[in-house]
1. All but one of (1) open to solvent by less than 20 Å² (accessible area, probe 1.4 Å); (2) modelled with pLDDT of 95 or more hold for Gly151, so report the exception by its number.
2. Could you tell me how many of the residues in the stretch 517-565 are assigned to a loop (DSSP other than H, G, I, E, B), under 24 Å from the mean Cα position of the chain (by Cα) and under 13 Å from Gln493 (Cβ atoms)?
3. State yes or no: is Ser362 more than 21 Å from Leu583 (Cα to Cα), in a loop (DSSP other than H, G, I, E, B) and of a type in the set (Gly, Ala, Ser)?
4. Hey, could you check the stretch 210-226 for residues that are in a strand (DSSP E or B) and either without any contact (Cβ under 8 Å) to a residue 60 or more places away in the chain or among the small types (Gly, Ala, Ser) (or both) and say which is farthest from Gly259 (Cα to Cα)?
5. So which residues in the stretch 79-111 are over 17 Å from Ile284 (Cα atoms), buried (at least 22 other Cβ atoms within 10 Å of the Cβ) and of a type in the set (S, T, N, Q), if there are any at all?
6. Just need a number here: residues in the stretch 205-223 that are out of contact with any Ser or Thr (no Cβ under 6 Å at 6 or more places or on another chain) and open to solvent by 10 Å² or more (accessible area, probe 1.4 Å).
7. If you scan the stretch 471-492, which residues turn out to be closer than 16 Å to Gly406 by Cα, touching a strand residue (DSSP E or B) at 6+ places or on another chain (Cβ under 8 Å) and open to solvent by 10 Å² or more (accessible area, probe 1.4 Å)?
8. Taking only pairs six or more apart or across chains, which ones have beta-carbon atoms under 8 Å, a first residue in the stretch 113-139 that is within 24 Å of Asp243 (Cβ to Cβ), and a second residue that is basic (Lys, Arg) and surrounded by fewer than 20 Cβ atoms within 10 Å (Cβ to Cβ)?
Amino acid sequence: MAIGMVMGIRTQTRSKVRRGHGLLTSLLLWLLMCSVGLACIHSAPHPVPQALSRTDKSTASVWVGPWSSGSWFAADRSGEGIILQFLPDGSAAMLWFTYPTANEEAVQAWLSAGGGRVEGDTLVFEQVLQPVGARFGADFDPSEVDRQPWGEMRLRFHDCQRLTLSWNGIEAYADGERELIRLSALDQVDCNQGPTLASTGMRSGGALRSKSGAWFELSRSGEGWVLEELADGRTLVYWFTYDLQGRQAWIVGAGQRAGEQLVVDPLYRPIGTRFGPDFVAADIDLAPWGRLQVDFSGCNQAQLQYQADDPAWGSASREIHRLTDIAGAPCVDVAALGDAAPQWVERSPTPAPASSELAVTSHRGHLYALGGFSAPRSFRRYSPDTDTWTSLPAMPSGRHHLAAFGFEGAIYYVGGLPLGDGVINNMSYRFDLDSQAWSEVPELQSTFGSQAAVLHGQAYVGHPDGRLQQFDPRQRRSRFIAAPNFVERDHAQVVAFLDEIWVIGGRSPETNTVAVYSPVSETWRSGPSFASARGGFSAAVVGPRLFIAGGEVLSPGGAFIEPSSEWIAAGMTSWRIGPALPLGVHGSGGSAVNGRGFHVGGSVDAGRFSGATPRVFELQWPNSP
């Protein structure tokens, strides 16, 4: 059961559940699981405006993603479990709270691992550690923490509720395999329901305050807390530390959130059984330990106070900081985001020749502009710090109407139509920024006119029919996500915003609608519509804000430029009209670097390939860099 056995206690009683009561203890543990809502009760789903479609998980292979976060346990081993955290960069962290082997002096054990990588339907942790050596409280010394190598671990997912755990540990723990089921589903990261929404389909600002993740005190590396916020307002807390003799210890509890405060009373320290074949759930002693209070002062900092029942463990107040974020559950300070009015500021133009229907992306502090009419093989880098452009090695195959994205030291481009004197093909390519060399990426299928975005270690490439191509650059594999409806998305923009993928506008005909894809639930929904339908425009996510600018409309009466800009921010429910572009264009590109959003190039001639401009504009909000 893992922590579910202690997290749902509603009374303040301090009486122990003694070991040796067999069936009575097991029954009580099950009832506690039900009371916390982890194994028996499913809360009602959040309202979802106009659900568009759902990815068919029954026939598709499992793609491990942010939905994997949470606690997992074996149904016949109530009292130990695995905590998984799927991180924003697409890697994973793991903690296994369990018990020592029969020959060890300790009464609890825990294992940790970071850098988990996705291999198909499996999370792989190659270096699992067992930290030992430090002592609890005032005697804690981070230099005494000995992170001993323990082994490796694999978690193969069958779906978002079941997985197979296998491990290869040190001799005392040996090798093994175990079937696990989900114990906890984190608020906003539940595979069976989407995030909390406003009526327009925008994520609710009140729900963009997730504190789920790992926390620690900066001067006490080697111990810390894991918080798991549940949808019903409660938070599970795991405390991984050491006892007074320097042996591993873990403490658990649950409390109700009240604004920016969390109180957990009581905390428990389960003891009494052993690892592996010597594990007996009925022997577990749910020993009350004390209480804990956390007062958050923002998304990444809090004051934690604890009081142990046993004076030997003492009490203290600690300033703690966030160590990990959970993919799909962002924390954003939405105060005043919608109050400021942005303005355009002109920056250095792109080198000649100017281009339109180009791709623009950003990576590691720079902006990159690729291809387009008039300069189909051009590859240019912009430094916002110096406001300068540099030309890079030419693209192997010149293109217009292409898409591009950056990932882990490389720039990729995909799709478009061949143009110029390069290789004539529809191959996708990757440019390694260190070696300055191009290579082919055959796993990326061609597209036309739509753009791409990266989220949680995955690239999402738009297609004119509204589909998304999901591409994993680390594994070099891809799949298609079916279009949500019959709205065509030629010349649409694809961005990663508030931990989801937004497919914005496009044609034919031009639309002002937004389709939002959630990697957590693998579902589509309608997002907030904007004022002016358009295709072939720029878009950029600037921190907690998103803007679109320019574009064109190909109407029966003739084509025209749409010069307006619109923007939306976390905590808002609808778009706002921004300043018109100083020069109305279509076929432009946009991206953001270090909190600064840029609009690049395009054509002043609606419905034509001529009229390219090199002009570059930055959309600035007050107090932006």
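The values are calculated or read from the model by the stated rules, or taken from the named source; none is laboratory data. Predicted, not measured: the structure shown is a model, and the values here were computed from it. Note: ideal-geometry Cβ built from the backbone for every residue, glycine included; neighbour counts use all protein chains shown. Note: accessible area is taken over every heavy atom of the protein model, side chains too, but ligands, DNA and RNA are not part of it. Shrake-Rupley method; radii C 1.70, N 1.55, O 1.52, S 1.80 Å.
1. (1)
2. Qualifying residue count for the region: 1.
3. Working: more than 21 Å from Leu583 (Cα to Cα): yes; in a loop (DSSP other than H, G, I, E, B): no; of a type in the set (Gly, Ala, Ser): yes.
For Ser362, the condition - more than 21 Å from Leu583 (Cα to Cα), in a loop (DSSP other than H, G, I, E, B) and of a type in the set (Gly, Ala, Ser) - is not met.
4. Applying the first criterion (in a strand (DSSP E or B)) to the stretch 210-226 yields 213-216, 224-226.
With the extra rule that they be either without any contact (Cβ under 8 Å) to a residue 60 or more places away in the chain or among the small types (Gly, Ala, Ser) (or both), the set shrinks to 213-214, 224.
Details: Gly213: 18, Ala214: 19, Gly224: 22 Å.
Only one residue tops the list, namely Gly224.
5. Once the filter is applied, which keeps residues that are over 17 Å from Ile284 (Cα atoms), buried (at least 22 other Cβ atoms within 10 Å of the Cβ) and of a type in the set (S, T, N, Q), the stretch 79-111 yields only Gln85.
6. Our first condition is that a residue be out of contact with any Ser or Thr (no Cβ under 6 Å at 6 or more places or on another chain); within the stretch 205-223, this holds for 205-206, 208-212, 215-222.
The next check asks that each one be open to solvent by 10 Å² or more (accessible area, probe 1.4 Å); those that pass are 205-206, 209, 216-222.
Count: 10.
7. Residues of the stretch 471-492 that are closer than 16 Å to Gly406 by Cα, as a first pass: 471-476.
Imposing the further condition that a residue be touching a strand residue (DSSP E or B) at 6+ places or on another chain (Cβ under 8 Å) reduces the set to 471-475.
Selection gives Pro473, Arg474, Gln475.
8. Partner pairs satisfying both residue conditions: Leu129/Arg147; Gln130/Arg147; Pro131/Arg147; Val132/Arg247.
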